[in-house]
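Take a look at the structure set out below.
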Amino acid sequence: VDKLRRSIFEIDPQLRRDALGKLWSEITDLGWHAVIVPEPSGGAGGDLRDLASFTEGLARSALPLPVSSACGLTPLLLIACGRAGQELLAGLPSGKYRVVTAIDEVHARGGGGIRISSGGTGKLRLEGSLLGIDCLPDATHYLIACRVDGQGALILLRNDSAAVTVRWHERMDRRPSIDLMLTGQVLPSSIVIARGSHVVSASRGAVASAVLLACIETVGAMGALLEQTIEYLSRRIQFGAPLSSFQALRHRVAELYASYEHSRAMVAFVLKQTSNADWPTRELAITKMRLGSAARRFAATTIQLHGGMGVSDELPASRLSKRLLMLDFEFGDSIHYEWQLLVSGRQIA
């Protein structure tokens, strides 16, 4: 019976979405996504360091939910809205509102992006698409950071708005993902809940926070995967001896440990620098670039060390490996940051 239920769960996307919805309700009860919500809005009033501490812990289970986006990116943008975002922000801790956040510069992939034009006096027309957005189950609102009339702006749309068509996907790491297709509907300009230069700086800071949280999650997943690999090699018997006694495999594990410690040190350095007024943009870009390639090698090596069992979903190692591969692509992959550093270096020269 358990095998049958598991098989149905594997092939039915709606069953998976329902299960994720229940899981997110449990997360809401625990108050995880209210860590950096200010106390007057019903949150814990924490900061990025508080969010980083439990992000690393959650990374060990490869949770198929966008914790970093929902707990970091969304509250940070709503806080920047001031009074306009207070109602929505206050509804996050109780679970009344589930907000999915999209950043035009991040999610405008493959020719995507949104186009905003005037639809008449006090009206706006939205067209285009935003692709590959981490999505909460049963989202109530879509928050879009973009530009309106050359200014930074935050647009808020309800999930039942006729201006939006949603296309669902499931990523390799089992996380739900959506594409938002804007249908060209004319909407009142009141959908813009914040506008100005402060929105641009807030969006950049929120994205930088999300990138840092992705790096922290990468390190947490690498640490858990390393522990599981050592445990597997210690238990698995081959030719009458545990695999952990084979010198070649011990050398591979030592390389994994060195990669993990190096990555962990880089992330710790960037996190320490965030106490300053300005984000360490260059150091964060270098860290994200370095961790992307390191995570891919880490995932490949651990799969090889697990042998055939490494590709089985029965082992947490398989899920963690897939999560590591996907983390490279969140908020820009290693190639994106390599190009960013190259361009910035040319400008300085």
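Here Val343 meets each of (1) out of contact with any helix residue (DSSP H, G or I) (no Cβ under 8 Å at 6 or more places or on another chain); (2) hydrophobic (A, V, I, L, M, F, W, C); (3) open to solvent by less than 20 Å² (accessible area, probe 1.4 Å) with one exception, condition (3). Taking residues in segment 35-47 that are of a type in the set (Gly, Ala, Ser), and partners anywhere that are crowded, with 16+ Cβ neighbours inside 10 Å and not in a loop (DSSP other than H, G, I, E, B), the pairs with Cβ atoms closer than 6 Å and at least 6 places apart or on different chains are Ser41/Leu89; Ser41/Ala90; Gly42/Ala90; Gly43/Ala34; Ala44/Ala34. Here Gln247, Gln273 are screened, and the one residue that is in contact with a Pro (Cβ under 6 Å, 6 or more places away or on another chain) and either surrounded by 14 or more Cβ atoms within 10 Å (Cβ to Cβ) or at pLDDT below 95 (or both) is Gln273. Looking only at segment 109-146, filter to residues that are β-branched (Val, Ile, Thr) and in contact (Cβ under 8 Å) with a residue 12 or more places away in the chain; which one of those is nearest to Gly21 (Cα to Cα)? Within segment 109-146, the match that is nearest to Gly21 (Cα to Cα) is Thr140. Of the strands (runs of 3 or more DSSP E) that lie entirely inside segment 153-227, those containing 2 or more residues that are surrounded by fewer than 17 Cβ atoms within 10 Å (Cβ to Cβ) span 164-170, 176-188.
Ser41 meets the conditions (1) more than 19 Å from the chain's Cα centre (by Cα); (2) under 22 Å from Arg175 (Cβ atoms); (3) polar (S, T, N, Q) in every case but one. The failed one is (2). As for segment 198-221, it holds at least one residue that is touching a residue at least 40 places away in the same chain (Cβ under 8 Å), within 30 Å of Val100 (Cα to Cα) and among the acidic types (Asp, Glu). Take the residues in segment 308-331 that are part of a helix (DSSP H, G or I), touching an Asp or Glu at 6+ places or on another chain (Cβ under 9 Å) and open to solvent by 10 Å² or more (accessible area, probe 1.4 Å), then tell me which one is farthest from Arg297 (Cα to Cα). Among residues in segment 308-331 that are part of a helix (DSSP H, G or I), touching an Asp or Glu at 6+ places or on another chain (Cβ under 9 Å) and open to solvent by 10 Å² or more (accessible area, probe 1.4 Å), the one farthest from Arg297 (Cα to Cα) is Arg319.
Residues that are surrounded by 17 or more Cβ atoms within 10 Å (Cβ to Cβ), closer than 18 Å to Pro188 by Cα and small (Gly, Ala, Ser) within segment 109-151 comprise Gly128, Ala145, listed in sequence order. On the stretch given as segment 71-97, residues that are outside any helix (DSSP H, G or I) and either surrounded by fewer than 22 Cβ atoms within 10 Å (Cβ to Cβ) or out of contact with any Pro (no Cβ under 8 Å at 6 or more places or on another chain) (or both) total 7.
The values are calculated or read from the model by the stated rules, or taken from the named source; none is laboratory data. On a predicted model such as this, the values are computed, not experimentally measured, just so you know. Every residue, glycine among them, receives a Cβ derived from its backbone with ideal geometry; neighbour counts consider all protein chains shown. These accessible areas exclude ligands, DNA and RNA; they are computed on the full protein's heavy atoms, side chains included. Shrake-Rupley method; radii C 1.70, N 1.55, O 1.52, S 1.80 Å.
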